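One structure below.
The values are calculated or read from the model by the stated rules, or taken from the named source; none is laboratory data. Just so we're clear, the structure is a prediction, and the values are computed from it rather than from any experiment. Neighbour counts run over all protein chains shown; Cβ positions are idealised from the backbone, glycine included.
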Amino acid sequence: MRKLKYTIASIILIGLQTTVFGQKVNIKRAFKHAAAQTKVMLQEIPKAANAAAPELVSPRTLENGALKLVASKDWTSGFFPGVLWYLDEYYHQEEWKAAAQKFTAYIEQEKNNGGTHDMGFKVYCSVGNGYRLTHDPHYKAVIIESAKTLATRFNPKTGVILSWDHSRNKWVNPVIIDNMMNLELLFEATRLTGDSTYYQIAVSHANTTMKNHFREDFSSYHVVDYDPQTGAVLKKTTHQGYSNSSAWARGQAWALYGYTMCYRYTKNPVYLKQAEQVAGFIFNHPNMPKDLVPYWDFNAPQIPNEPRDASAAAVIASGLYELGQYSDQHADYLKKANQILKSLSTTYIAPAGSAKGFILLQSTGSKPSDSEVDVPLSYADYYYLEALLRSKAMK
Ligand code: GLY
């Protein structure tokens, strides 16, 4: 009798939770699929490797069906090691840890590469997760060294970290909204060293970006160009979006995730509000599809006949699980994150054994340059697994 009462109570509770928070994805099944796919990937990597180009170490995408590997200097190099760390975090099995350590080691040299702002993506997603899970002091040293290198790109006159050195014919001092994601490495470096320099740079970058990168509706420009001498804004444009005035989907995702993460480290309510406003833009947009996996740009001209971007959806879902912890819109954010994961794990999932071991399909890298359109991308997989782990951690 007691057992029956307990069962009925559980069913009612699950029913209530489902109504309030939406249907939760089957995390065990999703990880089983991810692990099986990643085992395929680990077999595919040596086949795709090229003895004449030993620097190609990390899977990024499929190009005409072939696995594309990139060097550690590529902005996406840290995501596959990150996928391996997330599998280690879920399964606690030596094989995942060993694989994660091996692929993380390929990325470490980036700690001294001051030629790009992508240090956070490369080093924090690989070495950062490695340190979080193992407390290996070597990883700690790499994180600190990387933050030191990234800090050299900060200009006190602009108040921001310079994003790109390339395309000097287009921009003088370009800063992209994606750059918000690199601040996590700086906040962590201050936490690990007690040196507030990194924290101050991160806060300055976040504040300046908040002032210059957003429109009245809280959508963001992709690229803002600054005068490096005066800090004046020279122009606001795009690189991967449909137009200068459009809302590139992944850019909005970086903004939501970035300001949520800034709130985690600073507890500054302004950042929380900013993340909520960005979420408001994303979810109130009339072009957001019912399954909550956005088109590659909210203003893409042929919607609904435009490619989706599963990577943007994965970043948004992961960001929402965290934002939900801080915001009084908790239930709404959780429901939406659950809905995104449900969509990704059903409609966007790679069939078992396919796609050379990538986990998700249908991401878009750069539609304007007709590059990586409707393909798997390593960062979609990374943020998808991160979102699954965050969902699992939710009580
Ligand atoms: N950070 C580059 C991109 O989001 O495509």
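Remarks
- Inside the range 339-362, residues that are assigned to a loop (DSSP other than H, G, I, E, B) and either farther than 20 Å from residue 23 by Cβ or touching a residue at least 60 places away in the same chain (Cβ under 8 Å) (or both) make up a count of 9.
- Any hit, the range 14-22, residues being within 21 Å of residue 394 (Cα to Cα), surrounded by fewer than 22 Cβ atoms within 10 Å (Cβ to Cβ), out of contact with any helix residue (DSSP H, G or I) (no Cβ under 6 Å at 6 or more places or on another chain) and aliphatic (A, V, I, L, M): yes
- Selection from the range 160-184 of residues that are in contact with a Pro (Cβ under 8 Å, 6 or more places away or on another chain) and modelled with pLDDT under 95: 167
- Scan of the range 368-393 for residues that are within 14 Å of the ligand (Cβ to nearest atom), more than 16 Å from the chain's Cα centre (by Cα) and assigned to a strand (DSSP E or B), ordered by number: 371, 372, 373, 375
- Residue count for the range 280-315 under the criterion of being more than 15 Å from the ligand (Cβ to nearest atom) and among the hydroxyl-bearing types (Ser, Thr, Tyr): the result is 1.
- Selection status of residue 381, over 22 Å from residue 263 (Cα atoms), crowded, with 24+ Cβ neighbours inside 10 Å and charged (D, E, K, R): yes
- In the set 365, 319, only one residue is in contact with an Asp or Glu (Cβ under 7 Å, 6 or more places away or on another chain) and either at pLDDT 95 or above or assigned to a helix (DSSP H, G or I) (or both); that residue is 365.
- Any hit, the range 61-68, residues being within 22 Å of residue 371 (Cβ to Cβ), in contact with a Leu (Cβ under 8 Å, 6 or more places away or on another chain) and at pLDDT 95 or above: yes
- Residue satisfying condition, being closer than 17 Å to residue 256 by Cα, part of a loop (DSSP other than H, G, I, E, B) and more than 21 Å from the chain's Cα centre (by Cα), within set 217, 195: 217
Residue-wise test of (1) touching a strand residue (DSSP E or B) at 6+ places or on another chain (Cβ under 6 Å); (2) touching a residue at least 60 places away in the same chain (Cβ under 8 Å); (3) within 14 Å of the ligand (Cβ to nearest atom); (4) under 17 Å from residue 315 (Cβ atoms).
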residue	(1), (2), (3), (4)
189	no, no, no, no
216	no, no, no, no
219	no, yes, no, yes
234	yes, yes, no, no
265	no, yes, no, no
270	no, yes, no, no
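- Single residue of the range 247-263 satisfying the filter (part of a helix (DSSP H, G or I), near the ligand (Cβ under 9 Å from one of its atoms) and not charged (D, E, K, R)) that is nearest to residue 301 (Cα to Cα): 251
- Restricting attention to the range 106-132, the residues that are surrounded by fewer than 17 Cβ atoms within 10 Å (Cβ to Cβ) and either touching a strand residue (DSSP E or B) at 6+ places or on another chain (Cβ under 8 Å) or not in a loop (DSSP other than H, G, I, E, B) (or both) total 3.
- Residue match in the range 148-165 (condition: more than 16 Å from the ligand (Cβ to nearest atom), in a loop (DSSP other than H, G, I, E, B), surrounded by fewer than 23 Cβ atoms within 10 Å (Cβ to Cβ) and among the polar types (S, T, N, Q)): yes
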